[in-house]
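Undergrad: Here you go, one structure.
Bear in mind these aren't lab numbers, they're just calculated from the coordinates by the rules spelled out. Owing to the predicted nature of the structure, the values given are computational and were not obtained by experimental measurement. Please note: Cβ atoms are built from the backbone with ideal geometry, for glycine as well, and neighbour counts cover all protein chains shown.
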Amino acid sequence: MPATVTPEQMPPEPITQTATPAAGLPGRRPATPAQLALSVIPGLGHFARGEWIAGMSLFFAWAFTLSLAYLSRGRIGPVFTGRRIPVDGVVAVVTLGLMALLVWGWAFYDLAARSKRPRKLYGDSQWSIAARHFRKNKLAIAGLVVMILLYVLTLVTPLISPYDPAEQGNIILSRYLAPSAQHLMGTDKFGRDIFSRVLYGSRISLSIGFIAVAISITLGTLIGALAGYFGGIVDSILMRLTDMMLSFPRLVLLIVVIALFEPNIYLVVIVLGLTGWMGTARLVRGEVLSLREREFVLAARVL
């Protein structure tokens, strides 16, 4: 006969929880039609709701974008009407348009969509916890703003650069000029504008740094996670590889690679990315090893 199961022996049903707002708990007020109308100019709708910090951030971002567009109005048209369309000019114009759409869309979405969502009572994700801690760090916020500003300036450099970085003036009359309204940082020994050269040079420097760090972070996270998750012989092999890479002097390795191959930007980026992942790998491995011994992991194994 088939075995019968009593109700007491039945496994419990899984507990499901929904984040529905309880009665009497305060939440974000829905945006009124007047506040949505004010969002045509980002920041004004938030001022009407009393959200001064968000309003000031959106308003200054919108003013900065419009200022860039106004100052570069004479260079936007020739980008698409010339005989040869420059790629960096197209990137600059697209960046300027995306900035305007992003600021306006963020302001309208924050008033129209997020204010209608029910307030979460529990169940914060790791991303929300990390974002909350990040917002409390004023220096981190300031650093993020400066970094975004620098990258925006490098992307729109063809629209705001006052001179051609390779243009040489009269060497006798225009060399070593002091900073002035025409040359914000002066000129070099060939009469070239230093401010324009700094803007164009920063594009290469920031691009190399961004791509190299992205490669090193991705590779270090992957190797550290594999070593910490599998452990044993996999951990030993990957960590010995990390120790071996740490034993090579990075500067000497860069000099050898540049001497053996034809120097170019792509080679520098690859070498920097492939020689900077060791610290990230050790950090991620330690975090994964600590997570393996947490109580919720043990409980999941028991279940």
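Undergrad: Given a cut-off of 23 Å, what percent of all Cα-Cα pairs of region 97-254 lie beyond it?
TA: Result for the distance tail: 67 percent.
Undergrad: Dipole of region 67-190 (Lys/Arg Cβ +1, Asp/Glu Cβ -1, origin at the Cα centre): which of N170, W104, I76 lies farthest to the positive side?
TA: W104
Undergrad: For a protection proxy built on the mean count of beta-carbon atoms within 10 angstrom, sort 156-163, 134-141, 282-289, 251-258 highest first, please.
TA: 156-163, 282-289, 251-258, 134-141
Undergrad: Placing unit charges on C-beta atoms (Lys and Arg positive, Asp and Glu negative, everything else neutral), compute the dipole magnitude of region 88-200 about its Cα centre in debye, rounded to 20.
TA: 880 debye
Undergrad: Sticking with this one: Given all pairs of different Cα atoms, what value in angstroms does the Kirkwood hydrodynamic radius of region 164-247 take?
TA: Computed over Cα pairs of region 164-247, the Kirkwood hydrodynamic radius comes out at 16.6 Å.
Undergrad: Hey, if you drop one equal point scatterer on each alpha-carbon of region 216-272 and run the Debye formula without solvent, what base-10 log of I(q)/I(0) do you get at q = 0.21, 0.29 Å⁻¹?
TA: -0.85, -1.10
Undergrad: Let me ask something else about it. Over the Cα atoms of region 161-210, compute the convex hull volume and normalise it per residue, giving Å³.
TA: 72 Å³
Undergrad: For region 156-301, what is the charge dipole size about the Cα centre, in debye to the nearest 20, if Lys and Arg each add +1 at the Cβ and Asp and Glu each add -1 at the Cβ? Walk me through the numbers on the way to the answer.
TA: Values: 12 positive and 10 negative charges, 34 e Å.
With Lys and Arg at +1 and Asp and Glu at -1, about 160 debye.
Undergrad: Still on this structure, I have one more. So how long is each side of region 168-303 along the principal axes, counting just the alpha-carbon atoms, biggest first, in Å?
TA: Taking max minus min along each principal axis of the Cα atoms, region 168-303 gives 81, 36, 18 Å.
Undergrad: Take every Cα pair under 8 Å in region 109-241 that's 6+ residues apart, average their separations, divide by the length, and report that relative contact order as a whole percent. Write down the numbers at each step before the final one.
TA: Values: 92 pairs, mean separation 19.5, N = 133.
Reported as a whole number, the value is 15 percent.
Undergrad: What is the packing order of peptides 91-97, 203-209, taking the mean over residues of other C-beta atoms within 10 Å and listing the highest first?
TA: Going from most to least packed, we get 91-97, 203-209.
Undergrad: Give the dimensionless ratio obtained when the Cα radius of gyration of region 38-90 is divided by 2.2 N^0.38 Å.
TA: 1.63
Undergrad: Stokes-Einstein at 37 °C, 0.692 mPa s, Kirkwood radius from Cα pairs: D for region 77-187 in µm² s⁻¹?
TA: 175 µm²/s
Undergrad: Normalised by the number of residues in region 207-303, what is the relative contact order in percent for Cα pairs under 8 Å and 6+ residues apart?
TA: Over region 207-303, the number comes to 52 percent.
Undergrad: Within region 226-268, which chymotrypsin sites (Phe, Trp or Tyr not before Pro) sit in a loop by DSSP and count at most 13 neighbouring Cβ atoms inside 10 Å?
TA: The qualifying sites are F261.
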